[in-house]
Amino acid sequence: MNKIVALDRRVVKSREACLDAFVALLASTDYESISVNDVIQRANVGRSTFYDHFTGKEDLLRHRVANVFSPLADVFAEGTEGGGLLWVIGHFREQRRLVKTLLEGSTRPLLVRCLAGLIEERIAGTWPDSPRLPAKLAAVSLAEAQLGMILHWLAHSAQECPPQNFAEALRLASTSSAAHFRNLPF
């Protein structure tokens, strides 16, 4: 039994080492310039260990942002208060240089797909059986809108508009857009 616990800890530790190494590299290097080999070296893990956890650097990015993006997607889930939204907006503000780089760069389509997938999971149970706008298309549109608002806020308004005001505006814009998508008249 102790051997299994030790193995589980090692698995978690190597996975986290890869994710942490990736984030550290992102802070100092352009995403396009980062290689799997860079992550492996920085994390001090073997190539096979890396591939036991991830399929490549896009998979690393997806795993790292999924937890951070969850509060954005939770805005669309019925019965959630969205308490994590203010935290994530504050986190984006603290990490604005990195967030802006990711949202303005070649990683944006991947980030949109990741957030859209999370949104689609949230709306799947609440979307009508035969929506006028497919849930997948709505989710991509909602993800683009949220990330666009975040990018603009970080680039132009983060000093004048406090995180709590922006989080509420983002929540209202997101939920009203989703409601309109669900009830399109065609």
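Every number here is computed from the coordinates shown, using simple stated rules; none is lab data. This structure is a prediction, so every number in the text was calculated from the model and none was measured. All Cβ positions, even for glycine, are placed from backbone atoms using ideal geometry, and neighbour counts span all protein chains on display.
Residue farthest toward the positive end of the dipole of the chain, with Cβ of Lys/Arg at +1 and Asp/Glu at -1: which of Gly46, Leu25, Gly83?
Toward the positive end, the furthest listed residue is Gly46.
To one decimal place, what orientation-averaged projected area in nm² is obtained for the convex hull of the Cα set of the chain?
So the mean shadow area of the Cα hull is 13.0 nm².
For the stretch 1-54, what does the alpha-carbon gyration tensor say about shape, rounded, prolate or oblate, given a ≥ b ≥ c as the root eigenvalues, a/c under 1.5 as rounded, and a/b over b/c as prolate?
Prolate is the answer for the stretch 1-54, as a/c is 1.5 or above and a/b outweighs b/c.
What is the distance in Å between the Cα centroid of the stretch 44-78 and that of the stretch 108-186?
Each part's Cα centre sits 20 Å from the other's.
So how much slack lies between Thr55 and Ala173, counting 0.36 nm per residue of separation and subtracting their Cα-Cα distance, in nm?
Computed gain between Thr55 and Ala173 is 39.0 nm.
Any idea what the dipole of the chain comes to, in debye rounded to 20, about its Cα centre with Lys/Arg Cβ at +1 and Asp/Glu Cβ at -1?
Magnitude of the dipole: close to 380 debye.
Against the longest alpha carbon principal axis of the chain, how many degrees, from 0 to 90 and to the nearest 10, is the axis of helix 2-28 turned?
70
How large are Rg and Dmax for the stretch 89-186 when calculated on the C-alpha trace, in angstrom?
Rg and Dmax of the stretch 89-186, Cα atoms, are 14.4, 43 Å.
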